[in-house]
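What follows is a single structure, written as structure tokens, with notes after it.
The values are calculated or read from the model by the stated rules, or taken from the named source; none is laboratory data. All of these numbers come straight from a predicted model, not from anything done at the bench. With ideal geometry, Cβ positions are generated from the backbone for all residues, glycine too; neighbour counts draw on all protein chains shown.
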Amino acid sequence: MINKRRLIKNLLAYNDENSFYDKKERLNLKNRRSKAKFIKHICALANANPYNRSFIVVGVEDETNRLKGVPFFDDSRIQSLIDNYLENAPKIQYENIKFSNLPRHKFIGLITIFPSQNIIRLRHNIWEYRARQIFVRRGSTSVAVPELKLDNRNRKIVEDLENQSKNNLEYTLESVLDFMQKHTKEHHPQYKVFQEHFILCWAGKIKKFEDETFYTRVDIELINEQTQLFYSDRDEVKIHVNHDSFIITEYVSLGISKTKNYYPLEKKVLHFKENGSYQIHTEVVFEPPKYSQESIDELLENSNAILKKILNTSNSNNHAVATQLTALLHNYLVCHLYGMEEALHQIAKIKIIIQSMKNKRLYTKYKKVNRIIRKVKKV
């Protein structure tokens, strides 16, 4: 099994990007231009490596190769983006890899592009790139070409790199000890061996709600590959373990006034097989709480009145407004889940206010609401 941390180190040892690997300080998919450039690089790397894997390392300073790290990234949108814009789209995988010299909330992203053994081209126009264009990697540059003949020139190099990056017992034991020691007793660090081969460690602070037990500040790591499977400072999850599976169910707190409750949002199942492989299955399992349409209409009307007052107030940089905005984010989320399209426009207005306040905690709450909206949209 490949140790992803060792693989990243071996890739960076090449120093310069080449035809089977690229590096980036951050992954930006916020606008059409940045999405187009990302799609182009995926297309180019896949076409240059039709018979072996290729890679993009995220969170690395371009000139010095210094590991800067990026926040934990949920990769749920990437594959659908690639499938939508590329013909013969390759399978890609984004993994969050932990390095000991990085802060606890920072990771190095590893994007693996699996071989498709087909010529890959754009399916649709995007930004300045046109449908049917073919891109390929020439050294460290992704270029457009009129036609392409597939070759396997990188296959042996990448196979050697992956062999050099395989795990061993010493690395595995050190990683388990490191995980257990860096989490305090209140986070209940634990580990389990699956199928006599895989070692999974997890930790989280226990939170009781009525008769249910949740974990917060959750950290879950597949030791064999040095891959962070889940990390969150705020989210509430339930963890269930059986003989060959590890199940993480993420919950969201929703409600009107003081009638909040926890509702399952997304389930992630890691299934470990006897043949030394594993699968990760992710499923959105959300169903909104049941309220009358009259209650939702009243909630939207009241929230709009409060937001209008905040927008007309010159001094918005105070604790009382921050508390109101937190409540409004929650209220508009509930309204959106009940099909009130206006709620999304109001959330966008709140984002502008939060950015002007430069309140990091409030912005984190906005991102959490936005992430829930994005996940539910997939159902």
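Output the qualifying pairs, or none if there are none: Cβ atoms under 9 angstrom, residues six or more apart or on different chains, first residue in segment 9-35 and acidic (Asp, Glu), second residue assigned to a helix (DSSP H, G or I).
22/41; 22/44; 22/45
Here are some conditions: (1) among the aromatic types (Phe, Trp, Tyr); (2) at pLDDT 95 or above; (3) within 15 Å of residue 57 (Cα to Cα). Residue 99 meets all but one. Which one does it not meet?
That leaves (2) as the condition not met.
Within the set of pairs 6 or more residues apart or between chains, which connect a residue that is closer than 10 Å to residue 365 by Cβ and touching a residue at least 60 places away in the same chain (Cβ under 8 Å) inside segment 318-333 to a residue that is part of a helix (DSSP H, G or I) and of a type in the set (D, E, K, R) with Cβ atoms less than 6 Å apart?
From segment 318-333, no pairs qualify.
Restricting to segment 6-65, and then to whatever is among the aromatic types (Phe, Trp, Tyr) and in contact with a strand residue (DSSP E or B) (Cβ under 6 Å, 6 or more places away or on another chain), can you tell me which residue is farthest from residue 370 (Cα to Cα)?
Once the filter is applied, the top-ranked residue is 20.
Would you mention how many residues in segment 172-194 are buried (at least 16 other Cβ atoms within 10 Å of the Cβ), under 30 Å from residue 13 (Cα atoms) and of a type outside the set (S, T, N, Q)?
Final tally of qualifying residues: 2.
Within segment 135-156, take every residue that is under 28 Å from the mean Cα position of the chain (by Cα) and surrounded by 15 or more Cβ atoms within 10 Å (Cβ to Cβ) and give me the one that is nearest to residue 37 (Cα to Cα).
Here the answer is 142.
Would you say residue 176 is assigned by TED's automatic domain parsing to the domain that holds residue 208 and either within 25 Å of the chain's Cα centre (by Cα) or not in a helix (DSSP H, G or I) (or both)?
Spelling it out, residue 176 is indeed assigned by TED's automatic domain parsing to the domain that holds residue 208 and either within 25 Å of the chain's Cα centre (by Cα) or not in a helix (DSSP H, G or I) (or both).
From the list 100, 175, 142, which residue is free of Cβ contacts under 8 Å to residues at least 60 places away in the same chain and either of a type in the set (S, T, N, Q) or closer than 23 Å to residue 54 by Cα (or both)?
175
Does at least one position in segment 251-264 carry a residue that is among the charged types (D, E, K, R) and over 28 Å from residue 71 (Cα atoms)?
yes
Can you tell me which condition residue 327 does not meet? The list is (1) crowded, with 17+ Cβ neighbours inside 10 Å; (2) of a type in the set (A, V, I, L, M); (3) farther than 30 Å from residue 198 by Cβ, and all the others hold.
(1)
Rundown of residues vs (1) out of contact with any His (no Cβ under 7 Å at 6 or more places or on another chain); (2) acidic (Asp, Glu); (3) within 30 Å of residue 2 (Cβ to Cβ); (4) surrounded by fewer than 15 Cβ atoms within 10 Å (Cβ to Cβ), yes/no style:
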| position | (1), (2), (3), (4) |
| --- | --- |
| 267 | yes, no, yes, no |
| 275 | yes, no, yes, yes |
| 280 | yes, no, yes, yes |
| 290 | yes, no, no, yes |
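Which residue, of 116, 80, 76, is farther than 20 Å from residue 165 by Cβ, surrounded by 15 or more Cβ atoms within 10 Å (Cβ to Cβ) and within 14 Å of the chain's Cα centre (by Cα)?
Result: 76 is the single residue among 116, 80, 76 that is farther than 20 Å from residue 165 by Cβ, surrounded by 15 or more Cβ atoms within 10 Å (Cβ to Cβ) and within 14 Å of the chain's Cα centre (by Cα).
Where the second residue is loosely packed, with under 14 Cβ neighbours inside 10 Å and not in a loop (DSSP other than H, G, I, E, B) and the first is touching a residue at least 40 places away in the same chain (Cβ under 8 Å) and lies in segment 103-132, which pairs have Cβ atoms under 6 Å and are six or more apart or on separate chains?
Close Cβ pairs satisfying both conditions: 127/32; 127/33.
Within segment 8-52, restricting attention to residues that are assigned to a loop (DSSP other than H, G, I, E, B) and in contact with a helix residue (DSSP H, G or I) (Cβ under 8 Å, 6 or more places away or on another chain), which residue is surrounded by the most Cβ atoms within 10 Å (Cβ to Cβ)?
Of everything passing the filter in segment 8-52, 49 is surrounded by the most Cβ atoms within 10 Å (Cβ to Cβ).
For segment 233-247, give me each residue that is among the acidic types (Asp, Glu), surrounded by fewer than 19 Cβ atoms within 10 Å (Cβ to Cβ) and modelled with pLDDT of 85 or more.
The one that is among the acidic types (Asp, Glu), surrounded by fewer than 19 Cβ atoms within 10 Å (Cβ to Cβ) and modelled with pLDDT of 85 or more: 244.
Rundown of residues vs (1) surrounded by 17 or more Cβ atoms within 10 Å (Cβ to Cβ); (2) without any contact (Cβ under 8 Å) to a residue 40 or more places away in the chain, yes/no style:
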| position | (1), (2) |
| --- | --- |
| 200 | yes, no |
| 208 | no, yes |
| 224 | yes, no |
| 231 | yes, no |
| 249 | yes, yes |
| 252 | yes, no |
| 259 | no, yes |
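Assuming residue 75 fulfils every condition listed in (1) under 30 Å from residue 233 (Cα atoms); (2) in contact (Cβ under 8 Å) with a residue 24 or more places away in the chain apart from one, which condition is it?
(2)
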